[in-house]
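Q: Following this message is one structure expressed as C-alpha cells.
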Amino acid sequence: MLQIEETVRDRGSRYAVSGGVVLGRAGVEAFLVELKRAKKFAKATHNSWAVVLSDGGSTKNDDGEAGAGAVILKMLERAGLVDHIVVVTRWYGGVHLGGDRFAHVVTSVRAYLAAVEKAAQG
C-alpha cells in the first residue's frame, strides 16, 4: 500500500491519498478494510475511491463526497491504471470548500500517479 499524507490542506480540511494493486471486488474490500484499520482513516470524513478492474469493469464510491469517485475513476482510466485502487481521504475542517474540493481530489490523485510512475522507474 502506498500512502501520501497531507497532499492538500485548505481551510482546515486535510487530504491524503492511498492506493495499491487489488484483484477483483474481494481485493477492493480487503484493501478498504486494511486502510481503515488505521484509526485516523476509519474516522475520516470521506474515503472516496475508484478502481478499474480487468475482470469486471469499474467501480467507484463517493463516500459522501458527491462526485469525487467519478473524478478519481476518470483519472485512472486516462492513466490506464487497471486493478489498482486509489482512495482520496478527506478530514473535514468545518468550512465548505465548494468546487475547490474537486481540484483537491485531482491534486491528490496526480500526486499518487506520479509516485507510482516514479516507483515503476526504479
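The values are calculated or read from the model by the stated rules, or taken from the named source; none is laboratory data. All values derive from a computational prediction rather than experimental measurement. Cβ atoms come from the backbone with ideal geometry, glycine included; neighbour counts cover every protein chain shown.
Q: For residues that are aliphatic (A, V, I, L, M), under 11 Å from the mean Cα position of the chain (by Cα) and not in a helix (DSSP H, G or I), scanning just segment 81-122, find the one that is nearest to VAL21 (Cα to Cα).
A: If we filter segment 81-122 for residues that are aliphatic (A, V, I, L, M), which is where we start, we get 81-82, 85-88, 95, 97, 103, 105-106, 109, 111, 113-116, 119-120.
Imposing the further condition that a residue be under 11 Å from the mean Cα position of the chain (by Cα) reduces the set to 85-88, 105-106, 109, 111, 113.
From what is left, the residues that are not in a helix (DSSP H, G or I) are 85-88.
Values: ILE85: 6, VAL86: 9, VAL87: 12, VAL88: 15 Å.
Top of the filtered list is ILE85.
Conditions tested, residue by residue: (1) crowded, with 19+ Cβ neighbours inside 10 Å; (2) in contact with a Gly (Cβ under 7 Å, 6 or more places away or on another chain).
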{"position": "PHE41", "(1), (2)": "no, no"}
{"position": "LEU53", "(1), (2)": "no, yes"}
{"position": "GLY57", "(1), (2)": "no, no"}
{"position": "GLU65", "(1), (2)": "yes, no"}
{"position": "GLU77", "(1), (2)": "no, no"}
{"position": "VAL82", "(1), (2)": "no, no"}
{"position": "VAL95", "(1), (2)": "no, yes"}
{"position": "ASP100", "(1), (2)": "no, no"}
{"position": "ARG110", "(1), (2)": "no, no"}
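Q: Here's a check for you: in segment 58-80, which residue that is over 13 Å from the mean Cα position of the chain (by Cα) and part of a loop (DSSP other than H, G, I, E, B) is nearest to ALA30 (Cα to Cα)? Steps first, please.
A: Of the residues in segment 58-80, the ones over 13 Å from the mean Cα position of the chain (by Cα) are 58, 64, 66, 77-80.
From what is left, the residues that are part of a loop (DSSP other than H, G, I, E, B) are 64, 66, 80.
Details: GLY64: 20, ALA66: 23, GLY80: 22 Å.
Checking each candidate, the answer is GLY64.
Q: Test each condition in (1) modelled with pLDDT of 95 or more; (2) surrounded by fewer than 19 Cβ atoms within 10 Å (Cβ to Cβ); (3) β-branched (Val, Ile, Thr); (4) over 21 Å from ALA120 (Cα atoms) for THR89 and report the one that comes out false.
A: Tallying (1) modelled with pLDDT of 95 or more; (2) surrounded by fewer than 19 Cβ atoms within 10 Å (Cβ to Cβ); (3) β-branched (Val, Ile, Thr); (4) over 21 Å from ALA120 (Cα atoms), THR89 fails exactly one: (2).
Q: Mind listing whichever residues of segment 29-49 are under 20 Å from VAL105 (Cβ atoms), part of a helix (DSSP H, G or I) and not aliphatic (A, V, I, L, M)?
A: Scanning segment 29-49 gives PHE31, LYS40, PHE41.
Q: Then there is this: Tally the residues that are in contact (Cβ under 8 Å) with a residue 24 or more places away in the chain and farther than 20 Å from GLY93 by Cβ, restricting the search to segment 36-66.
A: 9
Q: Please specify each residue of segment 25-37 satisfying the condition of being at pLDDT 95 or above and surrounded by 13 or more Cβ atoms within 10 Å (Cβ to Cβ).
A: GLY27, VAL28, ALA30, PHE31, LEU32, GLU34, LEU35, LYS36
Q: Could I ask something else about it? For MET75, only one of the following conditions fails: (1) within 21 Å of GLU6 (Cβ to Cβ); (2) out of contact with any helix residue (DSSP H, G or I) (no Cβ under 8 Å at 6 or more places or on another chain); (3) not β-branched (Val, Ile, Thr). What is its number?
A: The one condition MET75 does not meet is (2).
Q: I would also like to ask the following. Pick out the one residue from SER58, SER13 that is more than 20 Å from GLU117 (Cβ to Cβ), in contact with a Phe, Trp or Tyr (Cβ under 8 Å, 6 or more places away or on another chain) and among the hydroxyl-bearing types (Ser, Thr, Tyr). Even if it seems obvious, please write down each step before you answer.
A: Values: SER58 fails: in contact with a Phe, Trp or Tyr (Cβ under 8 Å, 6 or more places away or on another chain).
Only one candidate passes the filter, namely SER13.
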